[in-house]
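A short write-up of the structure that comes next.
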Amino acid sequence: MAIENTQVGGGYTDILTVPSGQSWAVTTILFCNTALPEEIYTDGADTFLDLHFCKGGVAAGPDNQVLNSVPVPAGETFSFDTEKIILEQGDIVKAATTSPTNLTATVSYIEV
C-alpha cells in the first residue's frame, strides 16, 4: 500500500496520476482543512471541495465529477472511503477547492 500527500491549490490540482503499465485501487482519500484552530468559528477558513476521476488526457468536468462543493469546515477532515475506485494507466484524480491554502489531500492506494 502507498500514500500520496498533496496540498490542493487554486484551480484543479492533480492529486494522483497512475503511471504507464499500472492499475491502482484507491482505498481512501482524506481531505483535511488545515486552518488554524482560532479560525474555526469564522467563515473565512471554511472551504468547499470538488473531486474528479479523469481518464488520461481528459479535463475535469461534469462528466467525471464525483464530489461537488462538499463543505470542509476549518479544522475538519472529510473522508472519501466508502467506494474503492480502480484506475488504469494515465488516469488522474483531480481536486479543486475554494481556499487553496487550507486543504490537503492524502490518498491511499494499492497496485492491482
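The values are calculated or read from the model by the stated rules, or taken from the named source; none is laboratory data. Quick caveat: nothing in here was measured; it's all calculated off a predicted structure. For neighbour counting, all protein chains shown are included, and Cβ atoms are generated from backbone atoms with ideal geometry for every residue, glycine included.
A compact table of results
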| read-out | value |
| --- | --- |
| Restricting the range 80-96 to residues that are of a type in the set (D, E, K, R) and exposed (fewer than 15 other Cβ atoms within 10 Å of the Cβ), the residue that is nearest to the chain's Cα centre (by Cα) | ASP81 |
| Residues of the range 97-112 that turn out to be loosely packed, with under 15 Cβ neighbours inside 10 Å and not β-branched (Val, Ile, Thr), as a count | 2 |
| Pick from the range 68-88, criterion of a type in the set (Val, Ile, Thr) and assigned to a strand (DSSP E or B), ranking: farthest from HIS52 (Cα to Cα) | THR77 |
| The range 11-60, subset of a type in the set (D, E, K, R) and at pLDDT below 95, residue surrounded by the most Cβ atoms within 10 Å (Cβ to Cβ) | ASP46 |
| Where a residue in the range 74-88 is of a type outside the set (A, V, I, L, M, F, W, C) and its partner, wherever it lies, is in a loop (DSSP other than H, G, I, E, B), with Cβ under 7 Å and at least six apart | GLY75/ALA35; GLY75/ILE40; GLU88/VAL18; GLU88/SER23 |
| Total residues in the range 61-79, condition at pLDDT 95 or above and crowded, with 21+ Cβ neighbours inside 10 Å | 0 |
| Count of the range 89-101 residues which are β-branched (Val, Ile, Thr) and either assigned to a loop (DSSP other than H, G, I, E, B) or free of Cβ contacts under 8 Å to residues at least 24 places away in the same chain (or both) | 2 |
